[in-house]
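Enquirer: Sharing a structure below in structure tokens format, with a few things to ask.
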Amino acid sequence: MEQIANLRPDEHFLPKFAIIGYSQEEDYYNRGHYFSYHNIVGAKLTAGMPLTKDTARNLFRCLEGDLIKFRFKGMLPKNLIHFDFKGNLQLVWYVHPKQHTLYFDTRTGIASGNYPLPKLIFKLEGNTLKVFALHRKDTLTDTVSLYHAPLLNVGRQGNVCMGNASMDYDGFDYYEDIMGFVEQQFFRSVFTATHHNNIAKGNIVDVMKRNFRKTFFDDALLKKNKLTLKDLYEN
């Protein structure tokens, strides 16, 4: 005999309402949006009502625990520039210029070891990382010019190819720990290839060899990017 599933309210989520979004393209630059709220009675939608701010706010409160997973340990980190949560976690911060242990694929002709790096700007959005550079004496303002990070594996627009390195930070509770984890994953990854021709002034292999085990990176070797700092968090 054919079995019929019996849904019990105490064991299953049952549909109670629906939100429907509408879009109207008025012209190339303008698009109208409208949202309606519908109760569900039986298996049918009732007539729609405009979605009010109070209803939307209550819905967000229900989702807030899932959307906002992380918090700061206390005062905001001094090197934090910007943070947001627009569907994806977004963090922008800087890393002080100092010497790092870097690992290179043998095919690059660059020896693994200690290298000085300039002040770097990290932007994490979701699981995507971008890295840029700044002159160490530049003041952090919206309009300060960014420079290409003088490193392999970094594209023209700052996108980093992490290879097999994990960027899964869901197990962390604090933003500071996420920032530290991302830096660790980046600097401990194996740098394998150039992704554009504006990495630095001069051949990047020669630049790295000249800087091997030096204390400070020469900012005169940086090549300017077309982006400014505010482009990282306004887009």
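Throughout, read-outs are computed from the coordinates displayed, never taken from laboratory work. As the structure is a computational prediction, the values presented were derived from the model and not from experiment. FYI the Cβ positions are ideal-geometry reconstructions off the backbone, even for glycines, and counts take in every protein chain you see.
Enquirer: Report, in listed order, any pair from LYS86/LYS130; LYS137/LYS209; LYS98/LYS137 with a Cα-Cα distance greater than 19 Å.
Expert: LYS137/LYS209
Enquirer: Another question about this same structure. Using only DSSP helix segments of four residues or longer, with each worth -39500 (n - 2.57), what per-residue ellipticity at 222 nm results for the chain after dividing by its residue count and rounding to 500?
Expert: -5000 deg cm²/dmol
Enquirer: Between helix 175-188 and the chain, what is the angle of the helix's C-alpha long axis to the longest principal axis, kept within 0 to 90° and rounded to the nearest 10?
Expert: 50
Enquirer: Place a +1 charge on the Cβ of each Lys and Arg in the chain and a -1 charge on the Cβ of each Asp and Glu, then give the dipole magnitude about the Cα centre in debye, rounded to the nearest 20.
Expert: Dipole of the chain, to the nearest 20 debye: 1120 debye.
Enquirer: Suppose a student asked you for the relative contact order of the chain, using Cα pairs under 8 Å spaced at least 6 residues apart; what percent would you report?
Expert: This gives 18 percent for the chain.
Enquirer: What's the exposure ranking of SER112, SER189, going from fewest to most Cβ atoms within 10 Å?
Expert: Least to most surrounded, the residues fall as SER112, SER189.
Enquirer: Rounded, prolate or oblate for region 106-235? Axes are the square roots of the Cα gyration tensor eigenvalues, ordered a ≥ b ≥ c, and the cut-off for rounded is a/c under 1.5.
Expert: Oblate shape, in that a/c is at least 1.5 and b/c is the bigger or equal ratio.
Enquirer: For the pair MET167/ASP231, report the inter-label distance in nm, with labels modelled 7 Å from Cα in the Cβ direction.
Expert: Here the answer is 1.9 nm between the modelled labels.
Enquirer: Mind listing the phi-derived Karplus ³J(HN,Hα) values for region 89-106, rounded to whole Hz, using 6.51, -1.76 and 1.60 with θ = phi - 60°, and x for any glycine or proline?
Expert: 4, 9, 10, 10, 8, 10, 10, 4, x, 6, 8, 10, 7, 10, 10, 10, 4, 4
Enquirer: Rounded to the nearest 0.05, what FRET efficiency is calculated for ARG188 and PHE17 with R0 set to 35 Å and r the Cβ-Cβ distance?
Expert: 0.15
Enquirer: If you don't mind, there's one more thing I want to ask. (1) 1, 7, 14, 18, 18, 14, 10, 8, 5, 3, 1, 1, 1, 0, 0, 0; (2) 1, 6, 12, 15, 17, 17, 14, 10, 5, 1, 0; (3) 1, 5, 11, 13, 14, 11, 9, 8, 7, 6, 5, 4, 3, 2, 1, 0, 0: which one is P(r) over Cα pairs in 5 Å bins from 0, in percent as calculated from this entry?
Expert: (3)
Enquirer: Extension gain ARG156-ARG213, at 0.36 nm per residue separation less the Cα-Cα distance, in nm?
Expert: Using 0.36 nm per residue and subtracting the Cα-Cα distance, I get 17.9 nm.
Enquirer: Springs between alpha-carbon atoms under 10 Å, Gaussian network over the chain: tell me which of GLY48, GLY113, GLY171 tops the mean-square fluctuations.
Expert: In this elastic network of the chain, the residue with the biggest mean-square fluctuation among GLY48, GLY113, GLY171 is GLY48.
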